[in-house]
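Peer 1: Quick one: the structure is below, and I'll ask about it shortly.
The values are calculated or read from the model by the stated rules, or taken from the named source; none is laboratory data. Because the structure is predicted, anything quoted here is derived from the model rather than measured. Neighbour counts run over all protein chains shown; Cβ positions are idealised from the backbone, glycine included. The accessibility values were calculated without ligands, DNA or RNA, using every heavy atom of the protein model including side chains. Shrake-Rupley method; radii C 1.70, N 1.55, O 1.52, S 1.80 Å.
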Amino acid sequence: MKHVIALDVGGTGMKAALLAQDGSVLFEARRPTGREHGTDAVVTAILDFAADLADEGRGRFGSDPLAAGVAVPGTLDEKNGIAVFSANLGWRDLPLRKLLGERLAGKDGTAMPVALGHDVRSGGLAEGRLGAGRGVDRFLFIALGTGIAGAIGIGGRIEAGAHGYGGEIGHVVVRPGGPACGCGARGCLETLASASAVSRAWAAASGDPQADAAACADAVDAGDERARQVWQLAVDALADGIVLAQSLLDPSTVIVGGGLAEAGDTLFTPLRAAVTERLTFQMPPVVVPAMLKDTAASLGAGLLAWDLLSVTPPSDRA
Ligand SMILES: [Zn+2]
């Protein structure tokens, strides 16, 4: 069975799979990054995990993986295969593609082809081809987690922009002069509508420092008026961001994932209403939950590996 290695390196954990050409998962595994032991240990953990996955593939299918795809957080230089910076994992200018290619080299010393991808854009790619965006030509993927990140899907691939910063909807300013953002600006969407922002707002409003976004959603469902107000502020900010994106990109579908999207209809019902009421001339997008949950980036990394081998992406096949 032909297969590739798919690996998603997160802040605390790594998710991996062996992926067949049609995108089906042949094997899955998870490991900690061990970031508490420092950046060198994280890099060693990544290389070891990839090598063990290659062994797993050989053992199961009797052949070497054809390629590997790795999704990482932070900034990266996809063209040159360099993980430029990650605040979480501590690396700077890490030549990850080269390191992995060498570690996974065949018996004759030929480096394995390795694709390096951005975690959220890889997740968006997987949602587009295998998940909620399947069959959709143009979509916007938004991940509502600790921060807010996005990916612009066009024709079966992700538009990363000229410098690799395309899709950063979390840093669109929706409330000028609003809360300070980690990026240095004020009033960015992620300061108002990320899972962390809702957790902070609900902890303050409820007086319970442990209260989080999921608790806020539960309180909204239970009819708590303070929770509804906190929730609506986030929903309104998110709708402003989506409408801005709609005016610029005109996607047919907006796929919303990440922790906050776990709230289901508690989020999607008011969000769809808030988007619709803001539209003037724009065509309304279909706003749907992401389908692939926390395996999206790993699957997307595997798709990048297959793309490297110039095969037809699954969704493009009849
Ligand atoms: Zn920002």
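Peer 1: Could you please give the count of residues in region 138-170 that are within 15 Å of the ligand (Cβ to nearest atom) and outside any strand (DSSP E or B)?
Peer 2: The total comes to 8.
Peer 1: Among the residues of region 184-193, is any in contact (Cβ under 8 Å) with a residue 24 or more places away in the chain and more than 16 Å from the ligand (Cβ to nearest atom)?
Peer 2: no
Peer 1: Quick one: A203 ticks every box in (1) closer than 20 Å to A239 by Cβ; (2) open to solvent by less than 60 Å² (accessible area, probe 1.4 Å) except a single one, so which number is it?
Peer 2: (1)
Peer 1: Still on this structure, please answer the following. Of the residues in region 267-307, how many are over 22 Å from the mean Cα position of the chain (by Cα) and assigned to a helix (DSSP H, G or I)?
Peer 2: So the count comes out to 8.
Peer 1: Give me a count of the residues in region 20-54 that are over 19 Å from L299 (Cα atoms) and either without any contact (Cβ under 8 Å) to a residue 40 or more places away in the chain or not small (G, A, S) (or both).
Peer 2: 12
Peer 1: Among the numbered criteria (1) within 19 Å of L271 (Cβ to Cβ); (2) away from the ligand (no atom under 16 Å from the Cβ); (3) not in a loop (DSSP other than H, G, I, E, B), which one does A203 miss?
Peer 2: Status for A203: all satisfied but (1).
Peer 1: Another question, if that's okay. List the number of the failed condition for L100; all other conditions in (1) at pLDDT below 95; (2) open to solvent by less than 80 Å² (accessible area, probe 1.4 Å) hold.
Peer 2: (1)
Peer 1: With L267, L260 as the choices, which residue is out of contact with any Pro (no Cβ under 8 Å at 6 or more places or on another chain), buried (at least 16 other Cβ atoms within 10 Å of the Cβ) and within 27 Å of R157 (Cα to Cα)?
Peer 2: So the residue among L267, L260 that is out of contact with any Pro (no Cβ under 8 Å at 6 or more places or on another chain), buried (at least 16 other Cβ atoms within 10 Å of the Cβ) and within 27 Å of R157 (Cα to Cα) is L260.
Peer 1: Going through A185, A162, A126 one at a time, which residue ends up being among the aliphatic types (A, V, I, L, M), surrounded by fewer than 24 Cβ atoms within 10 Å (Cβ to Cβ) and modelled with pLDDT of 95 or more?
Peer 2: Sole residue among the options that is among the aliphatic types (A, V, I, L, M), surrounded by fewer than 24 Cβ atoms within 10 Å (Cβ to Cβ) and modelled with pLDDT of 95 or more: A185.
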